[in-house]
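Enquirer: Here it is, the structure, as structure tokens.
The values are calculated or read from the model by the stated rules, or taken from the named source; none is laboratory data. Everything quoted here is computed from the prediction, not taken from an experiment. Here the Cβ is made from the backbone with ideal geometry for all residues, glycine too, and neighbour counts use every protein chain on show.
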């Protein structure tokens, strides 16, 4: 979310009120190249202050910082404005922050008089802690191929907004085979005007954004009402990958891995695979559940709840699609994976 401190159209307090009306408990503000103002509890909404480092390309989100780092804009002739993501990531890590690659495949908007893309061009940024798997503005630009599709996206965004780019899903799966790379969803709300005189509305309002693309978190305990403790709870959930990306409401989504001895793990967990591991998935409403291993579809069923045995090591993750008339089954939930590694034979007794 962006405030009037950069290029947004609302103050922190106004965004917090919109979040309360939308039923959102935590809002992360990421103004451009500066920490967003007024973090803390605003009524029933926790507002956290982050930032988005924004050279011309290679944008990076940063959370958990006490002060904004000086951005590195790049020293390669002809690419001075594309930034130095590797150096920016090191700066964020040294300060104890958490980083994510922002809208990495952002496309230009078709038909715009000034089409601009903010895609990543230097993929050293995959060394970030996470990535923005789904960004609402980027998805809108990708789906708005012409006037009709753009109008459809503005009127029925949950139904017609495209899910994550297939290339980005493949990259997420590939990186996850060697390390945890946490996927998040970004509203990227600015409440920009449509840019058309005949359509005097915002694309989209803050409240509408908050009901569109969200990141669901599994916290280790309830929020306390104290900013420092609650920020730590949120950041710990992100660092561990205890979260999922949702397009539309998904409160009540359950995804757990159970062991033969009664153990239980959340998504993002990295453990050795062994026989007897079972996956439990429960959707808030009936939909299509897809289970993938290393990016390959292994299971697909129309249901609300399933329990499955995990037959081998690999990167196991869950996707779900929900029926949204008149478009049929559309993207809904993208859960962070379970990293089930093969045990090193040398370490066995």
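Enquirer: Among 252, 268, 216, which is the only one that is touching a residue at least 12 places away in the same chain (Cβ under 8 Å), under 29 Å from residue 286 (Cβ atoms) and not in a loop (DSSP other than H, G, I, E, B)?
Expert: Step by step, each of 252, 268, 216 is checked, and only 216 is touching a residue at least 12 places away in the same chain (Cβ under 8 Å), under 29 Å from residue 286 (Cβ atoms) and not in a loop (DSSP other than H, G, I, E, B).
Enquirer: Tell me, which residue of the stretch 16-34 that is more than 19 Å from the chain's Cα centre (by Cα) and buried (at least 20 other Cβ atoms within 10 Å of the Cβ) is nearest to residue 222 (Cα to Cα)?
Expert: Checking each candidate, the answer is 16.
Enquirer: Residue under question is residue 53, and the condition is that it be farther than 14 Å from residue 207 by Cα, touching a helix residue (DSSP H, G or I) at 6+ places or on another chain (Cβ under 9 Å) and assigned by TED's automatic domain parsing to the domain that holds residue 238; does it hold?
Expert: Yes, satisfied.
Enquirer: Just for the stretch 225-253: of the residues that are in contact with a strand residue (DSSP E or B) (Cβ under 8 Å, 6 or more places away or on another chain) and exposed (fewer than 13 other Cβ atoms within 10 Å of the Cβ), which one is farthest from residue 177 (Cα to Cα)?
Expert: Step by step, filter the stretch 225-253, then rank; the result is 225.
Enquirer: Being free of Cβ contacts under 8 Å to residues at least 12 places away in the same chain and in contact with a helix residue (DSSP H, G or I) (Cβ under 8 Å, 6 or more places away or on another chain) is the filter here; which residues of the stretch 151-179 pass it?
Expert: 152
Enquirer: Restricting attention to the stretch 273-290, does a residue exist that is in contact with a helix residue (DSSP H, G or I) (Cβ under 8 Å, 6 or more places away or on another chain) and either surrounded by 16 or more Cβ atoms within 10 Å (Cβ to Cβ) or in contact (Cβ under 8 Å) with a residue 40 or more places away in the chain (or both)?
Expert: Scanning the stretch 273-290 turns up no residue that is in contact with a helix residue (DSSP H, G or I) (Cβ under 8 Å, 6 or more places away or on another chain) and either surrounded by 16 or more Cβ atoms within 10 Å (Cβ to Cβ) or in contact (Cβ under 8 Å) with a residue 40 or more places away in the chain (or both).
Enquirer: Test residue 52 against the stated conditions and say whether it is modelled with pLDDT under 95, surrounded by fewer than 17 Cβ atoms within 10 Å (Cβ to Cβ) and closer than 20 Å to residue 116 by Cα.
Expert: no
Enquirer: State which residue is farthest from residue 70 (Cα to Cα) when the search covers only the stretch 86-135 and only residues that are touching a helix residue (DSSP H, G or I) at 6+ places or on another chain (Cβ under 6 Å), at pLDDT 85 or above and in a helix (DSSP H, G or I).
Expert: The residue in question is 127.
Enquirer: Which condition breaks for residue 158 when tested against (1) under 28 Å from residue 293 (Cα atoms); (2) at pLDDT 95 or above; (3) surrounded by fewer than 21 Cβ atoms within 10 Å (Cβ to Cβ)?
Expert: (2)
Enquirer: Can you pull out the residues in the stretch 24-53 that are part of a loop (DSSP other than H, G, I, E, B) and without any contact (Cβ under 8 Å) to a residue 40 or more places away in the chain?
Expert: Passing the criteria: 33, 34, 35, 36, 37, 38, 43, 44.
Enquirer: Something else about it: Go over the candidates 321, 282, 305 one by one and state the one that is farther than 23 Å from residue 167 by Cβ and either in a loop (DSSP other than H, G, I, E, B) or within 22 Å of the chain's Cα centre (by Cα) (or both).
Expert: Answer to the check: 282.
Enquirer: Continuing with this model, one more query. Would you be able to tell me the number of residues in the stretch 1-23 that are in contact with a helix residue (DSSP H, G or I) (Cβ under 7 Å, 6 or more places away or on another chain) and part of a loop (DSSP other than H, G, I, E, B)?
Expert: 3
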